[in-house]
1. Report, in deg cm²/dmol and to the nearest 500, the calculated mean residue ellipticity at 222 nm for the chain, where each DSSP H run with n ≥ 4 adds -39500 (n - 2.57) and the sum is divided by the residue count.
2. From the phi of every residue in the range 136-144, what ³J(HN,Hα) in whole Hz does the Karplus formula 6.51 cos²θ - 1.76 cosθ + 1.60 yield, where θ is phi - 60° and glycine or proline is x?
3. Give me the one-decimal nm value for the distance between modelled label points at D150 and A70, 7 Å along each residue's Cα-to-Cβ direction.
4. Between the range 40-104 and the range 405-421, what is the separation of their alpha carbon centroids in Å?
5. Under a point spin-label approximation (7 Å from Cα along Cα-to-Cβ), what is the E423-E38 distance to one decimal in nm?
6. Stick to the Cα atoms of the range 241-287, pair each with every other, and give me the Kirkwood hydrodynamic radius in Å at one decimal.
7. Across every pair of different alpha-carbon atoms, what Kirkwood hydrodynamic radius in Å does the range 300-453 reach?
8. How much of T325 can a 1.4 Å solvent probe reach, expressed as accessible area in Å² and rounded to 10?
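The values are calculated or read from the model by the stated rules, or taken from the named source; none is laboratory data. If you're wondering where the values come from, they're calculated on a predicted model, not measured in any experiment. Methodologically, a virtual Cβ is constructed for each residue, glycine included, from the backbone with ideal geometry; neighbour enumeration extends over all protein chains shown. Heads up: the accessible areas ignore ligands, DNA and RNA and are worked out on the full protein's heavy atoms, side chains in. Shrake-Rupley method; radii C 1.70, N 1.55, O 1.52, S 1.80 Å.
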Amino acid sequence: MSRTARGASVLALLILIAGCAPRTAAVVPAPAAPRYPEFVFPAAADPPSAELMTQHQSAWNVLQAGDARAADRRFAAVLKRAPEFYPAHVGAGYAALARKDHEAALAHFDQALSTNATYAPALAGKGQTYLAMDDRQQALTAFDAALAADPGLTSIRRAADVLRFQGLQGGVAGARQAAAAGRLGDARTAYMDAIKASPESPFLYRELAIVEKRDGQLAAALEQIQKAIQLDANDARNFVVQADVLEAMGQYEQAATALTSAAALEPSDTVNERIEALREKAAFETMPPEFKAIESSPAITRAQLAALIGTRLADLVKRAPNRSTAVITDTRGNWANGWIIPVARAGFMDVNANYTFQPNARVRRGDLAHTVSQVLTVIASDNPRLAAQLRNARRRFPDVPPGHLRSRAAAIAVESGVMQPAENDSFQLARQVTGAEAVAVVDRLASLATGGR
């Protein structure tokens, strides 16, 4: 045989072998919106083969796409290849449930449970089938068994809660009506009666906790919501109510921790914002009395202004170049010394020529304008648009002579929007600054520092 003929024979053999080689089918993609989100996917801890698992997952994706009959055929094909693969019986059970063939569904679920009596997806499917058949007691029994096998089935737990609620509907409905009408004593009694009938229902403790909180019984409210969490630590609503109670008790850090648990279960931007606000409250509670009094002060001191800047503009203070190396001789032992030193070094507040800071002196609008202009200079180093605005500041005030030491600072403070002019477009350099005014000014600076307006 010639070399060419031999080469052709080899090529033909290779093509034949390739044609006979087993092919691995690609998984059918999951639909963007599952048709049956309440169904629990029958996962397999140890599937016989990757190819079989691909077929199983594809059958499930076809079911979730809404084609129950095609899914049924695919699950049947899996079972034909591996009759012992009980997760496929569960898939077939769900396909039957989707077709409203309840007897076939129960038969498939029972077949799976005969192999693995604690297989949660089969127990959940059985409960959903009984629910579709309006057999609520059997459904609740199956759901409880599924939750005992897998406590993480949140949707099944909520379905079980609903069934329990329906069983106690009269009592719970009465409790809710009493609470809505403000008859908190009656609501408490009704919830306690419902709990006696169903002591394993966490939502009852949660709703009772809400009633206790509304009635000002915060210790009792905390006790009830802790019981709800002990029964169900996978429900974010329980931690949200716990946070509500703890916040009402003034325990802000603990409330933030409770909300962190809620966010871990159900991520939410709203919850994250509330966590941040609670931590700010917790930090505020640790502050000296002089700091807490700032916002309500009719006139703030230089120490209070330094503390306000040091806390709310902390990042800006840290990154500002040291513009003052002067020694300060009169703040040692002052409650705000830890803020005065870095704020003065950043150049945001001046140190007098005799090295005194005068922490107890009252802040006047001219002094605040100077501080604002110094802070804006640092912010503008990363903001060309703001820098141009500051360079072009030309605002004039009828009570500030053009050559006054604070005239440019006043123009910058007002044109940047950080400070507001006084009556009749004046500035009133000598007027004392209130705590509320200082807080508003520093908050506007903080907004500019983070890119806001």
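1. -20000 deg cm²/dmol
2. After applying 6.51 cos²θ - 1.76 cosθ + 1.60, I find 5, 5, 5, 4, 5, 4, 5, 4, 4 Hz.
3. It is 2.5 nm.
4. 72
5. 6.8
6. 10.3
7. 15.6
8. 130
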